Amino acid sequence: MTRIRTNTATTQGIVVGTAYVVRHPEPEGEPHVADSATDALSERTRFERALARAAEQLGELIGRSDVFSAHLAIAEDPMLRESVETKIEEGMTAERAVESSCAEISGMMEQLEDEYLRERATDVRDVCTRIRQALRGTEAANPFANLGPEAIVVADELTPSDTAMMDFSRIVGFVTRGGSTTSHVCIIARNQCVLAMVGVGDDIARIETGDRLILDGIRGEILIDPDPATEEHYRRRAREIETERLRLMDFGRLRAVTTDGRPVAVFANVANTDEVRTAIDAGADGIGLYRSEFLYMLHPDDYPDEQTQFEAYRAAAELCGERSLIIRTLDIGGDKALPYMHAPREENPFLGWRAVRISLSMPELFEAQIRALLRASAYGNVKIMFPMITSLDEFRRAREVVERCKAALGREGIAFNPAIETGIMVETPAAVLTADLLAAEADFFSIGTNDLTQYVMAADRTNPRVSHLYDTFNLSVLRSIRSVIDAGAEAGREVGMCGEFASDPLGTRLLLGLGLQEFSVNIGVIGSIKACILRQSYAACREFAARVLEAATEERIHALIAEEDREGTE
Ligand code: PEP
Ligand code: MG
């Protein structure tokens, strides 16, 4: 038996299963491509077909962004075609010819004086990647298609798009080399009751497909090929933990009220309409965050159209009835990618073209989503939330799109709720610092501590090397949370929290004390968070929060939290 220690697990659980090691191909590379070909004619035909396919895709994408018309012009440029054809005649395979022409043309452009033309080198590379993908034929087959039961997926990295391909009824755990607990793959794992151990590092290479594995999220250990007695011991512990989890789930049915009578809403975070059903069954008082980007990720080739989105949102609205259903507009970028978007690679994706920035720069795409949301609002209590807002101007621009879509639907005689609420995720320091201005115009706030922590602390949420800095209990993050709650209260706005912090029972007393009245949590902890709230006195929580906010160091804050936790469980 081999033992690997790791300090990052998504839940305090234990699972036993069989390893399934997945190796992703290099993002830019082909599985294996020969350098030279003997049949130039067939290589040329393959290239012609791939070029036509790429041009067809780009033609369909025009209208979503000006970038795609520029890409189409490159695909149709005789210089690229002639260069590739010459190389094929000289004996190269189509893939190698495209790769080599791409390097030559983009290299040449990078040498140019004109800055604009220099930047077009990236576009050339993008177009060539598209052609190479078309050459490969279809997208890579689903690497998770052959999972056995009780599978533990082991990979260097798993992306949210990977999770969209997975059959979770067969998966009990994830193990990844990189990542940290607020990377999106972990958030999905928690909602699916899958134990993820991330940031394991190079030790991951010791695991092979077929190995029996035990993931112990309590001690932070992975056991490889345990003996039968050890496996039986862990299975017994896993059953005990499950029994306790089911006991706490019963609290989900209750209304959460503190012992001194302050009502608190416990909402759920979901990634799709099926999860809305599970959340309501588990006792969620509403949906505080519907991450709409997963609907986009499920569509492998293209953006879901207005009708497809409308049907998904309407089904969710009908399931929620009068309960709030806060649907967040597309939040792509950062660690979430849409393969068909062909977004250029960025040096700092979390500081780059993501979330509402993308929506505002792709008006047709944004309008399709807003129209779908408005139409669904005729069937339930749908609210629209914009991610990554950094200023009042940005919020107003997003709101203008809503107003434009309302006017169009009105003209078309299509039903929607004219009083639909629009709110924002407060997840950037810029939004925290202007929360008073934003509160004057936004109908509600939801604090996104996952991003807020990384931006306040300047520590990438997916980078295990800086996870010691990525700490939501840090005073600067806590002060940010307090000032947002206060700004919301001052303006009479509802303030919720949909970041992972709301799901952490260690933070519950503190958040109650800071005045939070809407927790939006992972489905699996609805019962335990309600159980925790039901034990608290609001007055005592206020006093506790005041003491924590006076502490100057993280060490002191963690000591206070640990002390309070011990007293709470005695
Ligand atoms: C957040 O940033 O806290 C949040 C809830 O959004 P996401 O995790 O999807 O970025
Ligand atoms: Mg976020």
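The values are calculated or read from the model by the stated rules, or taken from the named source; none is laboratory data. These numbers come from a predicted model, not from an experiment. Cβ atoms come from the backbone with ideal geometry, glycine included; neighbour counts cover every protein chain shown. Ligands, DNA and RNA are excluded from the accessible area calculation, which covers all protein heavy atoms including side chains. Shrake-Rupley method; radii C 1.70, N 1.55, O 1.52, S 1.80 Å.
Quick notes on this one:
- Checked against (1) outside any helix (DSSP H, G or I); (2) modelled with pLDDT under 95, residue 506 meets all criteria but (1).
- For residue 478, the conditions (1) more than 16 Å from ligand 2 (Cβ to nearest atom); (2) open to solvent by 10 Å² or more (accessible area, probe 1.4 Å) are fulfilled apart from (2).
- Selection count where residues are open to solvent by less than 10 Å² (accessible area, probe 1.4 Å) and farther than 23 Å from residue 416 by Cα, scope segment 297-334: 2
- Subset of segment 486-498 (residues that are more than 16 Å from ligand 1 (Cβ to nearest atom), open to solvent by less than 60 Å² (accessible area, probe 1.4 Å) and not in a helix (DSSP H, G or I)): 491
- The residue that is farthest from ligand 1 (Cβ to nearest atom), counting only those in segment 501-519 that are charged (D, E, K, R) and open to solvent by 20 Å² or more (accessible area, probe 1.4 Å), is 509.
- Considering the conditions (1) at pLDDT 95 or above; (2) within 19 Å of the chain's Cα centre (by Cα), residue 491 is excluded by exactly one of them, (2).
Yes/no matrix, rows are residues, columns are (1) within 15 Å of ligand 2 (Cβ to nearest atom); (2) under 21 Å from the mean Cα position of the chain (by Cα):
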site: 425; (1), (2): yes, yes
site: 436; (1), (2): no, no
site: 440; (1), (2): no, no
site: 445; (1), (2): yes, yes
site: 460; (1), (2): yes, yes
site: 464; (1), (2): no, yes
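- Boolean, residue 29 is modelled with pLDDT under 75, under 23 Å from residue 159 (Cβ atoms) and open to solvent by less than 50 Å² (accessible area, probe 1.4 Å): yes
- Members of segment 462-485 found to be without any contact (Cβ under 8 Å) to a residue 40 or more places away in the chain, assigned to a helix (DSSP H, G or I) and away from ligand 1 (no atom under 12 Å from the Cβ), listed by number: 465, 466, 476, 485
- Residue match in segment 394-406 (condition: in the same structural domain as residue 302 (by TED's automatic domain parsing), of a type in the set (Val, Ile, Thr) and closer than 23 Å to residue 336 by Cα): no
- One residue stands out in segment 335-355 among those that are touching a residue at least 40 places away in the same chain (Cβ under 8 Å) and within 12 Å of ligand 1 (Cβ to nearest atom): the one that is least open to solvent (accessible area, probe 1.4 Å), namely 336.
Yes or no, residue by residue, for (1) assigned by TED's automatic domain parsing to the domain that holds residue 462; (2) surrounded by fewer than 17 Cβ atoms within 10 Å (Cβ to Cβ):
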| residue | (1), (2) |
| --- | --- |
| 217 | no, no |
| 234 | no, no |
| 266 | yes, no |
| 274 | yes, yes |
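- In segment 63-90, the qualifying residues are those that are part of a loop (DSSP other than H, G, I, E, B) and surrounded by 15 or more Cβ atoms within 10 Å (Cβ to Cβ), and the one that is modelled with the lowest pLDDT is 64.
- Residues that are within 16 Å of ligand 1 (Cβ to nearest atom), buried (at least 20 other Cβ atoms within 10 Å of the Cβ) and not charged (D, E, K, R), drawn from segment 410-437: 423, 424, 425, 426, 428, 431, 432, 435
- The residue that is modelled with the highest pLDDT, among those in segment 150-179 that are surrounded by fewer than 21 Cβ atoms within 10 Å (Cβ to Cβ) and assigned to a loop (DSSP other than H, G, I, E, B), is 150.
- The sole residue among 316, 368 that is of a type outside the set (Lys, Arg), more than 16 Å from ligand 1 (Cβ to nearest atom), touching a Leu at 6+ places or on another chain (Cβ under 7 Å) and in contact (Cβ under 8 Å) with a residue 12 or more places away in the chain is 316.
- Candidates are the residues of segment 163-186 that are within 25 Å of residue 449 (Cβ to Cβ) and among the hydroxyl-bearing types (Ser, Thr, Tyr); the one that is farthest from ligand 2 (Cβ to nearest atom) is 176.
- From 112, 147, residue being assigned by TED's automatic domain parsing to the domain that holds residue 20 and either in a loop (DSSP other than H, G, I, E, B) or open to solvent by 70 Å² or more (accessible area, probe 1.4 Å) (or both): 147
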